[in-house]
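Okay, so here's the structure we're looking at.
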Amino acid sequence: MVQSNDGKTFVLLTSLAKQSATIRNAMLECGVGVVIPLPGVDGKALEHVVEYCRAHENDAPPAVAPTVPVAGAQKTPISTADAEFCAALDNPQRFALLLAANYLEIKPLLELMVAVIAQSALGKTPAQIYKQYGVNAEYTPEVDEETRQENPWLNVE
């Protein structure tokens, strides 16, 4: 059983719990049947994590680490089921799920959320991305120029 930071508890089958390195390690330390607190995950995100883990219960672990995407690379393929799962999430839920997957060390879910968020930003200007994700970009022109000089890869307008 796992408990979110807002007190919601979920009973997980061992096969589901083992998809998370964090939960798997806690089970090894504390034993099965103990409530494992997850202070880095809220209840709604944990609900989505459980839903994802149930859908991927019988998946084989990834055999090879994915390559780092480069400019001009094709979009990462996403299964129809995962696309439907992600389409039901709004942007704040996607980010919460990304953080939860990172905290829980569920690599396939983390990679999925990174791919979905990255793909949603493809072909957009920084201003469009700020608007899409509600980022308040109150940079002065001086700070903006300094950031661009320190990070030349940002110069993609």
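Observations on the model:
- Length released on extending from Q132 to E145, taking residue separation times 0.36 nm less the Cα-Cα span: 2.4 nm
- The dipole here belongs to the chain: it is taken about the Cα centre, uses +1 on the Cβ of Lys and Arg and -1 on the Cβ of Asp and Glu, and is about 520 debye.
- DSSP H segments from the chain that extend 15 Å or more along their own axis, Cα-based, with Kyte-Doolittle mean of -1.0 or above: 43-55, 91-104, 107-121
- Spatially proximal lysines relative to K18 (Cα-Cα < 24 Å; intrachain offsets below 8 disregarded): K8, K44, K107
- Computed per residue of the chain from DSSP H runs no shorter than four, each worth -39500 (n - 2.57), the mean residue ellipticity at 222 nm is -15500 deg cm²/dmol.
Every number here is computed from the coordinates shown, using simple stated rules; none is lab data. Being a predicted model, the structure only gives us computed values, none of them experimental. Neighbour counts are summed over all protein chains in view; Cβ atoms, including those assigned to glycine, are modelled from backbone coordinates with ideal geometry.
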